[in-house]
Amino acid sequence: MITLDIKGISTFVADDIPEKFYNESIKQISVLRNATGRGNDFLGWMNLPDTIGNQTEAIKRCAERLKSQADITVVIGIGGSYLGAKAVIEALSDPFGKNEDHKVVFAGHTLSEDYHSSLLSFLGARKFNIVVISKSGTTTEPAIAFRILRDHLASVAGTDEKQKYIVAVTDAHKGALHNLAVKEGYETFVIPDNVGGRYSVLTPVGLLPMALAGLDIDAFVGGMKEAALLLREGNDTTFNMAVVYAAARNYLYTRGYNTEILVSFEPSLTYLAEWWKQLFGESEGKEGKGIYPSSVVFTTDLHSMGQYIQQGERKLFETVISVENARHSLVVPSSDDDSDGIGFIAGKHLNEVNHKAEAGTRLAHIDGGVPVMTITLPEVSETVLGQLMYFFELSCGISGYLLGVNPFDQPGVESYKKNMFALLGKPGYEAEKERLEKELGL
Ligand code: PA5
């Protein structure tokens, strides 16, 4: 099981986190459990570990069908309809694509013409599957990508055949994607009404792409279930790591530490940090409040952001994801020529060197004025990632309530869309277009 250690913040919080933060944090678990807080119609994620098992066989069957008819699947989605699957697949796949029996690539998370053109040229004349994911069914980025890829699919698979290569994951009853799926007869999976995008990794949104990538989705569900049982069920104590994490980060926030950096020493966890940033950023950044979530991968970023973290403005705190065991074995070779000066570590595993770098960095940053918490993972596996993601989801719900915001809405996401539609000349936006163009000096 994952663990949390907050010793690295003790220098900065005088004696300890004041009891009221713990008490408040504990109280918010029951607010979540009893659905008495803000946004309580979006709490479906809390019980998904108990119920999603009913769908995993259908998800696996669909993945097998898709894999049997093409070697590549393009998963279309953005935000919460993209980052969870991307995070888990990146964390567990070989970075160079070795042993990949089925390639999963992503689209619709950007409006880049170059990205999508390159994707079309990569697909070439091959047949491929499309898994298109959008809860609302009306998000612009995936809608554009779906149009482009649907046309391309029709050209390689034939207009009459293309339906069998497309699976839609969307709302059960409404939205443009739902309507199109019904009209065209695509296989579909449902995103429950009471689960918001960034909390949807344990629905077909996350599980279908993971199954396509050859991952063990039962183990992922199992990890989520373990964390749910441990953290959600009656553990209203300071031994509950979700309580402690939420209390600690909110206390640090009140002391002026307004930026949290999620640190890992594994490049494979880069997208896990992207998922975490969306989870906390969209849940807490509102009403003029919220800890700014950022991320680094060390030791890579010690050679870029390390300077700022060590000696820049003192408003940062770090949460380190520490992975105990590597999945492979590799030692530093010995050499007759020791002019590089690293002969003293010859024979040591890279993982040991990485851990010494981690310990040294933690101490240096604490000395430099950065509070550090550490979440330890026994290894990177489906089970452990399931535990970690549920822990973060629950902590985020508690933390958002501690901050006094609704952690389950995202009203601010609409602003850029309104401007973009107006500037593109969408009917009904004429006055707004005129105003914005004047502002832009057009
Ligand atoms: O967390 C969220 O709700 C958002 O990030 C959405 O997931 C994102 O905007 C995509 O929305 P949709 O799935 O409706 O296309």
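List of remarks:
- Checking Val370 against (1) outside any loop (DSSP other than H, G, I, E, B); (2) buried (at least 21 other Cβ atoms within 10 Å of the Cβ); (3) among the aliphatic types (A, V, I, L, M), the condition it does not meet: (1)
- If the condition is being touching a helix residue (DSSP H, G or I) at 6+ places or on another chain (Cβ under 8 Å) and outside any strand (DSSP E or B), then region 331-356 contributes Val332, Ser334, Ser335, Ile345, Val353.
- Checking each residue in region 128-144 for being within 12 Å of His178 (Cα to Cα), near the ligand (Cβ under 6 Å from one of its atoms) and crowded, with 23+ Cβ neighbours inside 10 Å picks out Ser134, Lys135.
- Against the list (1) charged (D, E, K, R); (2) assigned to a loop (DSSP other than H, G, I, E, B); (3) within 27 Å of Leu229 (Cα to Cα), the condition Glu393 fails is (2).
- Residue count for region 280-295, restricted to those that are touching a helix residue (DSSP H, G or I) at 6+ places or on another chain (Cβ under 8 Å) and either more than 16 Å from the ligand (Cβ to nearest atom) or within 21 Å of Pro371 (Cβ to Cβ) (or both): 10
- Residues in region 89-134 that are charged (D, E, K, R) and closer than 23 Å to Gly197 by Cα: Glu90 alone.
- The single condition from (1) part of a helix (DSSP H, G or I); (2) touching a Leu at 6+ places or on another chain (Cβ under 6 Å); (3) at pLDDT 95 or above that Ile375 fails is (1).
- Filtered residue count, region 108-127, keeping only those that are on the phi > 0 side of the Ramachandran plot and either open to solvent by 40 Å² or more (accessible area, probe 1.4 Å) or touching a Cys at 6+ places or on another chain (Cβ under 8 Å) (or both): 0
- Of all residues in region 206-227, those that are farther than 17 Å from Ile375 by Cβ and open to solvent by less than 30 Å² (accessible area, probe 1.4 Å) total 14.
- Listed conditions (1) surrounded by fewer than 14 Cβ atoms within 10 Å (Cβ to Cβ); (2) assigned by TED's automatic domain parsing to the domain that holds Gly108; (3) within 16 Å of the ligand (Cβ to nearest atom) are all met by Asp41, apart from (2).
- Among the residues of region 274-288, not a single one is under 25 Å from Lys7 (Cβ atoms) and open to solvent by 60 Å² or more (accessible area, probe 1.4 Å).
- The residue of region 411-438 that is modelled with the lowest pLDDT, among those that are among the acidic types (Asp, Glu) and closer than 30 Å to Glu284 by Cβ, is Glu414.
- The listed residue being farther than 24 Å from Ser68 by Cα and within 14 Å of the ligand (Cβ to nearest atom), out of Val201, Val205, Val169, Val190: Val201
- Region 327-354, residues that are under 30 Å from Lys7 (Cβ atoms), surrounded by 12 or more Cβ atoms within 10 Å (Cβ to Cβ) and free of Cβ contacts under 8 Å to residues at least 12 places away in the same chain: Glu352
- For region 244-267, the criterion of being farther than 24 Å from Phe12 by Cβ and surrounded by fewer than 23 Cβ atoms within 10 Å (Cβ to Cβ) is met by at least one residue.
- Any hit, region 4-23, residues being under 29 Å from Thr270 (Cα atoms), assigned to a loop (DSSP other than H, G, I, E, B) and within 16 Å of the ligand (Cβ to nearest atom): no
- Figure legend. Inter-residue proximity from region 75-96: first residues within 9 Å of the ligand (Cβ to nearest atom), second residues of a type in the set (Asp, Glu) and open to solvent by 20 Å² or more (accessible area, probe 1.4 Å), beta-carbon distance below 7 Å, spacing 6+ or different chains. Indicated pairs: Leu83/Glu274.
The values are calculated or read from the model by the stated rules, or taken from the named source; none is laboratory data. Predicted model only: the values in this text are computed from it and were never measured. No Cβ is skipped: glycine too gets one built from the backbone with ideal geometry, and neighbour counts run over all protein chains shown. Accessible surface is based on the protein model in full, side chains and every heavy atom, while ligands, DNA and RNA are left aside. Shrake-Rupley method; radii C 1.70, N 1.55, O 1.52, S 1.80 Å.
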